[in-house]
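Trainee: Please see the structure below; I have some questions.
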Amino acid sequence: MAYDDQNVFARILRGEISAAIVHEDEHCIAFRDVQPQAPVHVLVIPRAAIAKLGEVGPDAKELLGHLLWVAGEVARREGIGDAFRTVINHGTGAGQSVFHLHVHVLGGRPLAWPPG
Ligand code: DGP
């Protein structure tokens, strides 16, 4: 799908909307989810304009690895390093509502399996 640069995460990246940022580097930022589903709920997003996980090319492999590494770092720093979950929703049928790639990092409560 075409990337819509008016999506809310693109606006956060441009500083047009504020967010509680917990990590920033040259490739990504991480900030608290405004509708937290757990005591710790952080979103890690690339600075690059990518709408959905399943649409990236092989050139994004290093970036995808970096996002997961940051997710683990954030979990550790947030005090949930022993038990946390990462989630990437792809497509509306899987619950994606913002079409800028993001990794959810959730923890701080029991996390049931299988997920809904
Ligand atoms: P998903 O459903 O996987 O596309 O997740 C999108 C998440 O983004 C959802 O948990 C709520 C969060 N969200 C939506 N708008 C904002 C916002 O303006 N600020 C922040 N911090 N989070 C937002």
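The values are calculated or read from the model by the stated rules, or taken from the named source; none is laboratory data. Treat the numbers as computed from the prediction; the structure is a model and nothing was measured. Glycine also receives a Cβ, built like all others from the backbone with ideal geometry; neighbour counts cover every protein chain displayed.
Trainee: Quick one: residue 63 ticks every box in (1) within 15 Å of the ligand (Cβ to nearest atom); (2) of a type in the set (A, V, I, L, M, F, W, C); (3) more than 11 Å from the chain's Cα centre (by Cα) bar one, so which box is it?
Mentor: (1)
Trainee: How many residues are hydrophobic (A, V, I, L, M, F, W, C) and more than 30 Å from residue 11 (Cα to Cα) if we restrict to region 102-116?
Mentor: Filtering region 102-116 for residues hydrophobic (A, V, I, L, M, F, W, C) gives 103, 105-106, 111-113.
From what is left, the residues that are more than 30 Å from residue 11 (Cα to Cα) are 111-113.
Residues meeting the conditions: 3.
Trainee: Right, another one. Exactly one of these conditions fails for residue 89: (1) under 13 Å from the mean Cα position of the chain (by Cα); (2) modelled with pLDDT under 95; (3) not hydroxyl-bearing (Ser, Thr, Tyr). Give me its number.
Mentor: (2)
Trainee: Would you please list the contacts, defined by Cβ atoms under 6 Å and residues six or more apart or on different chains, that run from a residue in region 67-86 that is surrounded by 21 or more Cβ atoms within 10 Å (Cβ to Cβ) to a residue that is in a helix (DSSP H, G or I)?
Mentor: Matching pairs, first to second residue: 84/75.
Trainee: Among the residues of region 29-43, is any farther than 19 Å from residue 91 by Cα, touching a residue at least 24 places away in the same chain (Cβ under 8 Å), surrounded by fewer than 19 Cβ atoms within 10 Å (Cβ to Cβ) and touching a helix residue (DSSP H, G or I) at 6+ places or on another chain (Cβ under 8 Å)?
Mentor: No, the conditions are met nowhere in region 29-43.
Trainee: For region 87-106, give me each residue that is surrounded by fewer than 13 Cβ atoms within 10 Å (Cβ to Cβ) and either part of a helix (DSSP H, G or I) or on the phi < 0 side of the Ramachandran plot (or both).
Mentor: Passing the criteria: 92, 93, 94, 97.
Trainee: Here's a follow-up. Given the conditions (1) loosely packed, with under 12 Cβ neighbours inside 10 Å; (2) farther than 24 Å from residue 113 by Cβ; (3) in contact with a His (Cβ under 6 Å, 6 or more places away or on another chain), and given that residue 9 satisfies all but one, which numbered condition is not satisfied?
Mentor: (1)
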